[in-house]
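Accompanying notes for the structure given below.
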Amino acid sequence: MTATVAPKGKGLIRSLNRRGTRTEKVLPVAAKHPANDPTMCERCGAVFTRKTWRQGRKVDEALLARAAWAVCPACEQIQSGEYFGRVVIRGAYAAANRAAIRRRIANVASRARFTQPERRVVSAEDDANVLEVLTTSQKLAHRITHELKKAFAGRASYKWSDRDGALYATWQRDDVPVAEGTARRK
């Protein structure tokens, strides 16, 4: 007596392979949602409605009357110093153009904060020739590193942590800045 085995397609075989997958796809900070809708942040003024935090929403008296007040996850992270993205900026070019690099980081962070207020810079500290930027999300750290590479050239590298999903990114440019009016070296 022979048993018949149903043929398995590649899709079914791949769907049964769960090695290397995580069950908790959402970061713990992003999983915290307030009970009331709408909720307003006491510190930054972000509004939680329709399952998302938004910045710059027009607030009228009706919204204020029914809104609950709480502290948003990004403000909690900043207060506790918790971060999920770390960008290390080093090199001779970075040391010589510190102000331009800080302006670029501020522009990227303000653009991200407008669309997604949970993505913010926790801190930006200088140590001799190294600038270290900590962010509330790995996506913002990735975006900052990508924008630095796009604007100033240089090398970027990314390493994600298996433990908590945090991103460690580095941007480096070692050449000395050239005088204005001459060709830029990459």
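Each value in this text was obtained by applying a stated rule to the coordinates, not by laboratory testing. Note that this is a predicted model, so its numbers are computed, not measured. So basically every Cβ, Gly included, is an ideal-geometry build from the backbone, and we count neighbours across all protein chains shown.
Contact order normalised by length for region 65-186, with contacts defined as Cα pairs under 8 Å and 6 or more residues apart; what percent is it?
On the way: 213 pairs, mean separation 39.9, N = 122.
That works out to 33 percent.
Summarising the label geometry, the points placed 7 Å from Cα in the beta-carbon direction at residue 127 and residue 61 lie 5.4 nm from one another. If R₀ is 41 angstrom, what is the calculated FRET efficiency for the pair residue 43 and residue 175, using the beta carbon separation as r and rounding to 0.05? The pair residue 43/residue 175 has a calculated efficiency of 0.50.
The aspartates and glutamates within cross-link reach of residue 139, meaning a Cα-to-Cα straight distance under 19 Å and a gap of 8 or more places when in the same chain, are 24, 76, 82, 118, 147, 162, 164. Exposure proxy shown here: for 53, 69, the number of other Cβ atoms within 10 Å sets the order, fewest to most, as 69, 53.
By counting other Cβ atoms within 10 Å of each Cβ, how are 103, 54, 90 ranked from fewest to most?
Working: 103 11, 54 15, 90 19.
Ascending Cβ contact count within 10 Å gives the list 103, 54, 90.
Ignoring solvent entirely, what values of log10 I(q)/I(0) come out of the Debye formula for region 81-172 at 0.11, 0.15 Å⁻¹ when each Cα is a single scatterer? Scattering profile of region 81-172, log10 relative to I(0): -0.26, -0.49.
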